[in-house]
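One structure is given here, and the rest of the page talks about it.
The values are calculated or read from the model by the stated rules, or taken from the named source; none is laboratory data. Keep in mind that this is a model prediction, so the values were computed, not measured. All Cβ positions, glycine included, derive from the backbone under ideal geometry; neighbour counts span all protein chains shown.
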Amino acid sequence: MQLIAFGINHTTAPIAVRERLSFSATQLPEALQDLRQQAEIQEALILSTCNRTELYCGVTSPDCKVIDWLSAYRQTSQEVLRKALYVHPAQSAVRHLMRVASGLDSMILGEPQILGQLKSAYRIAQQNGTLGMLLSKLFQHSFAVAKQVRTDTAISSSPVSVAFAAVRLAQQIFGDLQPRTALLIGAGETIELAARHLRENRLGRMVVANRTLERARQLAMNMGGYAITLPEIDEHLAEADVVITSTSSPTAILTATQVRQAIKQRKRRPMFIVDIAVPRDVEPAVGELDDVYLYTVDDMNDIIQENLRSREQAALQAEEIIDSQVQHFMGWLHSLGAVETICDLRLQVKAKQEKLTQQALGLLAAGKDPVEVVKLLSHRLGNTVLHDPCVQLRQAAANGDQEFLSITRQLFNLPGR
């Protein structure tokens, strides 16, 4: 059986194509069963995320019709599919999966979400019986490699999203966030992501302010926070150790006067403010106030670019780990070829043993001398086992096949000549 991987991702296909070829979690079981029933496909796993759809298969022939199946199952022309599709056979498939699991093939270098998505795809394939020894071993090995990459390199330690970077900066300023309060202004995607990161880092209290109270309540309820309207900000600003704002307001939401008053009420305790909005939500003069740490979207982008450079350095280390682990897995894969041969050899010798044993037992039953019977059994067993190899060796010598003779000496650990 051979390993092969097919797929599209954010670098090879636009979102319109990725949408057509995607599979939801509820669609995967039926798709896996249908794929597994195709001729020459022995094992199958489908990974489908917003950025990629990939099929990993154990096949009896590299000419299997996986592309035909995907085209028909997702009603997409083969012309469109072939323009976007990449194919990785054997060792290339092993390397590709390890890079995907480690976040080296992601839109955001080193992002950790893909590993969880891979584990989910593995679990679904396992539950539906479409995995065998090959894919099971490959994915378990890839999960271990991803863990090693994250442990031994800094591939995911530097934040590369504005929301994540903002929360990491807050931790650097305040340390433990559990006794702190955050005021989030806005209720869009970036604010929601920041809220999630703050909650994951055990923030003590969260206040969400938005022009529409209902939207603020929805986000606050999901994150365990408290919702207010924008006009109510003045009543709560002094409570906030961390302020993250991202709205579409054409004018400033926070003025220097407001923040100055809040700092006075806080008795000079520092306030960390991240303004991600364009146009800015916070007056530039706020950054000149004592005890205020103000970062704009440009400041955050500078941090993110520096972190990306750090991740790129870590990625070089990760590639070295993957190079080593690919060879390790391929060594195991190649060893499978010997397993079948060893089993056949043992079965053949066992059949000859049983035949000669029955002959020896017959001689003993007939009253023959046991010592002579044992000697005869040993002699016949040696001749029987060595007959075929000796015939092959004589033929190789007659053909001048010195390589065959040399391998035989090595195989049976014979002294060199």
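Among the residues of the range 294-322, those identified as part of a helix (DSSP H, G or I) and over 23 Å from the mean Cα position of the chain (by Cα) are Val297, Asp298, Asp299, Met300, Asn301, Asp302, Ile303, Gln305, Glu306.
Please give the strands (runs of 3 or more DSSP E) falling wholly within the range 170-287 in which 2 or more residues are surrounded by fewer than 21 Cβ atoms within 10 Å (Cβ to Cβ).
226-229
For the range 19-36, a residue qualifies if it is touching a residue at least 40 places away in the same chain (Cβ under 8 Å) and charged (D, E, K, R), and the qualifying residues are Arg20, Arg36. Determine if the range 110-123 includes at least one residue that is more than 12 Å from the chain's Cα centre (by Cα), closer than 16 Å to Thr53 by Cα and assigned by TED's automatic domain parsing to the domain that holds Phe23. No, the range 110-123 contains no residue that is more than 12 Å from the chain's Cα centre (by Cα), closer than 16 Å to Thr53 by Cα and assigned by TED's automatic domain parsing to the domain that holds Phe23. Filtering the range 38-74 to residues that are within 23 Å of the chain's Cα centre (by Cα) and among the hydroxyl-bearing types (Ser, Thr, Tyr) leaves Ser48, Thr49, Thr53, Tyr56. Could you list, ordered by first residue, the pairs with Cβ atoms under 6 Å in which the first is in the range 216-236 and farther than 21 Å from His197 by Cα and the second is among the hydrophobic types (A, V, I, L, M, F, W, C) and at pLDDT 90 or above, at least 6 apart or interchain? As it stands, the answer is Thr229/Leu213; Leu230/Ala209; Ile233/Ala209; His236/Val207, since those pairs meet every condition given. Filtering the range 255-262 for residues that are at pLDDT below 90, under 16 Å from Ala182 (Cβ atoms) and out of contact with any Ser or Thr (no Cβ under 9 Å at 6 or more places or on another chain) leaves an empty set.
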